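The structure under discussion appears below in the form of structure tokens.
Nothing in this text is a laboratory measurement; each read-out follows from the coordinates by a stated rule. Quantities reported herein were computed from a predicted structural model and do not represent experimental measurements. Cβ: placed from backbone, ideal geometry, glycine included. Neighbour counts: every protein chain shown.
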Amino acid sequence: MKKYNAIYWLFLSHTLLTLPAYAGIQHCDFPDNLTNIRIILQINSMHNSTTAETSYLRSLTFTETHIQDMNMTTGKTNQGTYQYVKLAKGIGLISVILTQGPEQAIYKDLFVCKTSLEGKFIFSQRKGTIKPDLRQDIGSYVIQSPFPEE
């Protein structure tokens, strides 16, 4: 676990040193909070998987303290809690704990904006039901704010 944390923070440090210029050049910002926001993720998977559970399209919907994570391929939804930190102008980090049946998924998403409604993200999972459960993915996101009523 310590090796994972060291690698994660090394990667995060490098990302934070190089990506603020990307965000600053675009003159964009990430929201101050995520309440009533839906973020659609398009994942460019870096791991080899043949299951639809590792969806390439996901929807994250936020309340003040809870998150709904929906696989847009299968329609499967997981609920959980999250913490959000705006690290700098244009950069946000969410830490998520989802309930997936009897197990939990624990991951972080690092968001860097390109415009006020879109940008890139890095998904870093350290525990989950889909193996390998220690993995990272990258992709693009679009913010829907406020999210449409179901």
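Past 24 Å, Cα to Cα: identify those pairs from K89/K131; K86/K114; K76/K114, in the order given.
Numbers: K89/K131 34 Å; K86/K114 15 Å; K76/K114 29 Å.
Beyond 24 Å: K89/K131; K76/K114.
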Legend entry - Interchain or long-range residues, amide H under 5 Å from D29's placed H: S116
Legend entry - Y56-S140 pseudo-label distance in nm [points 7 Å out on the Cα-to-Cβ vector]: 1.3 nm
